[in-house]
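Here the structure is laid out as structure tokens; the discussion comes afterwards.
The values are calculated or read from the model by the stated rules, or taken from the named source; none is laboratory data. Predicted, not measured: the structure shown is a model, and the values here were computed from it. Cβ atoms come from the backbone with ideal geometry, glycine included; neighbour counts cover every protein chain shown.
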Amino acid sequence: EKIKQGRIAVLAAHLPAIIDASKDYVKAHPGSDYVPVGPLERAGAEPDRPVDLGIQGNNVTVITKACKNVDAALKLLDFLASDEGFKLVRYGVEGVHYDMVDGKPVAKQEFFDKFASDTTGKAKKNEGFSIGYEDMTGQDRLNSLGGDIWADQDRIAKMDNARKILRPNGISVISAYNPGDVMAKSPQWEALKPSMDKIGDVWKEAIFAKSDDAALKVIGALRDQMNKTGYPDAIKYVNDNLKGKEVVKLAMPN
């Protein structure tokens, strides 16, 4: 909303959000344009240093003790975890919602237009999409099985092009410790957490402060509070426990 009104010109460097914001701004202001400026440098990082993305997924599905037919539940989960089940949940019924073209699923134009024009999400739900089964399909195979056929294809093309620029060497899986998880196990954490929880709000307050001095004042006040509630001992606990171990230093949630 603020982007459409021209009140915000800086976005976090999350490409899908930037693409959507750009399109919305231009749509709201015909004849105008939104030009991303950057990239913004990350403190302590080399320009070509890739970010560490946290792995996401549906790792555990629990069948409760109250389940009346465990065998039927397992049979359903086995099907949903198969390629056939994954395609049914994500793409629908072949020949009805999509056709296979050159080995890849292609959305039927009738349903693509219907879903794209519906802002409520009910049209998809009425066809059996987004009603909960996606969370039980196990490993995410969306890209390997054909991509998101219901998404804006122009948007996807822009994201694919950006990946080639931003990830010239592709991606690799690493195993490393998250310092935040270790700090949460420190003896000081219970007293320190309320101060840590304020970091986001104080950062925003500093951004919109009327002067550098005012910004530094609110940041300094929180820093003092963190130190008084145990941060020095907590960070020593983290460093002692992570000594000699691989540590995540530049992380994003996804």
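Give me the residue from the stretch 12-39 that is surrounded by 10 or more Cβ atoms within 10 Å (Cβ to Cβ) and part of a loop (DSSP other than H, G, I, E, B) and, out of that set, modelled with the highest pLDDT.
Among them, the one singled out is His29.
Mind counting the residues in the stretch 158-180 that are more than 21 Å from Lys228 (Cα to Cα) and outside any loop (DSSP other than H, G, I, E, B)?
The number of residues fulfilling the criteria is 10.
Identify the residue in the stretch 221-254 that is β-branched (Val, Ile, Thr) and within 30 Å of the chain's Cα centre (by Cα) and, among all such residues, is farthest from Ile199 (Cα to Cα).
That would be Val247.
When you scan the stretch 219-239, do you find a residue that is without any contact (Cβ under 8 Å) to a residue 40 or more places away in the chain, assigned to a helix (DSSP H, G or I), buried (at least 16 other Cβ atoms within 10 Å of the Cβ) and among the small types (Gly, Ala, Ser), even just one?
Checking the stretch 219-239: not a single residue is without any contact (Cβ under 8 Å) to a residue 40 or more places away in the chain, assigned to a helix (DSSP H, G or I), buried (at least 16 other Cβ atoms within 10 Å of the Cβ) and among the small types (Gly, Ala, Ser).
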